[in-house]
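These notes concern the structure reproduced below.
The values are calculated or read from the model by the stated rules, or taken from the named source; none is laboratory data. What you see is a predicted model, and the numbers here were worked out from it, not measured in a lab. Every residue, glycine as well, gets a Cβ built from its backbone with ideal geometry; the counts of neighbours run over all protein chains shown. For the accessible areas, the whole protein counts, side chains as well, though only heavy atoms, and no ligand, DNA or RNA atoms are used. Shrake-Rupley method; radii C 1.70, N 1.55, O 1.52, S 1.80 Å.
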Amino acid sequence: MKDKRVYGFFDVDGTLVQFKTMLRFMWFYQIYLTRSYSWLGQLRYGLFRLHLKFLEKIGKNRSYLNYCYYRYFKRHRLKTVEHVATVWFRWELRNRNTVFHHHVVKELQRLQQQKVKVVLVSGSFTSCLKGVAKYLGVDTILASRLETEEGGILTGKLLPPQTIGAGKVRAIHDFLCQESESVDLSDSFAYGDHISDLPMLELVGHPIVVRGDHQLEQQALSRQWAMI
């Protein structure tokens, strides 16, 4: 009988990458679109952040904030977003010394060397993460997908599932159903840094918590999970 495939599921923001990719991209996107009027891009981004902070202050959850984020792209072209995302990540690599959490990247590389199939699972969106995946040698991204209409125009909506919390588990199950090989989740790995990653961590036999979120660390302690 053929051996079952083992997976390594990695959250991205705060786990592999040291910043919030969606916010960093939005900042770059605003400045890129305004070109020589960078002050206008900075102003637009500042107003956008104030709006998100207000929503967070009145108790809106991550899922709602994400939907608000993606509504911004309504009537923008997907090709434009994808192009700017490519330029943005190259810019990050050139201008930041600390893009990645290197100790977590080492874990990812260790799994790759052991022929574990690594999958990025994130509430960020696919276009935004392609640069990260390429840099790390990862082929599969399970992330938010932007809905388009005729002509590649973005609607401001997402295709289901939204990959936050339980949505990550749904995306993983949908992905595994399409795989031709048998899966061994009991011997698979998952890495996350936020309490919203808990459903994904519970899915596998080897959950690893990346330190930084007190709630998730408490869960790791009570369940005797590994922390790095």
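Just a few scattered comments:
- Residues being basic (Lys, Arg) and loosely packed, with under 13 Cβ neighbours inside 10 Å - total across the range 168-182: 0
- In the range 202-214, residue most open to solvent (accessible area, probe 1.4 Å) [restricted to those that are more than 14 Å from Val12 (Cα to Cα) and among the aliphatic types (A, V, I, L, M)]: Leu203
- Here Arg24 passes the criteria (1) open to solvent by less than 50 Å² (accessible area, probe 1.4 Å); (2) assigned to a helix (DSSP H, G or I); (3) under 24 Å from Val121 (Cβ atoms) except the one numbered (1).
- Any chance Tyr37 is modelled with pLDDT under 95 and open to solvent by 60 Å² or more (accessible area, probe 1.4 Å): yes
- Contacts under 8 angstrom Cβ, first residue in the range 91-120 being in contact (Cβ under 8 Å) with a residue 40 or more places away in the chain and of a type outside the set (Asp, Glu), partner open to solvent by 60 Å² or more (accessible area, probe 1.4 Å) and part of a helix (DSSP H, G or I), 6 or more apart: Leu93/Tyr135; Val99/Leu93
- Selection status of Phe19, open to solvent by less than 40 Å² (accessible area, probe 1.4 Å) and part of a loop (DSSP other than H, G, I, E, B): yes
- Residues satisfying the stated conditions in the range 143-160, i.e. open to solvent by 20 Å² or more (accessible area, probe 1.4 Å) and not basic (Lys, Arg): Leu146, Glu147, Thr148, Glu149, Glu150, Gly151, Gly152, Ile153, Thr155, Leu158, Leu159, Pro160
- Residue ranges of helices (runs of 4 or more DSSP H) in the range 122-228 with at least 2 members closer than 21 Å to Leu23 by Cα and within 17 Å of the chain's Cα centre (by Cα): 126-136, 166-178
- Top-ranked residue in the range 56-91 [being of a type in the set (Phe, Trp, Tyr) and assigned to a helix (DSSP H, G or I); ranked as surrounded by the fewest Cβ atoms within 10 Å (Cβ to Cβ)]: Tyr64
- Output for the range 111-121, where each listed residue is in a helix (DSSP H, G or I) and surrounded by fewer than 18 Cβ atoms within 10 Å (Cβ to Cβ): Gln112, Gln113
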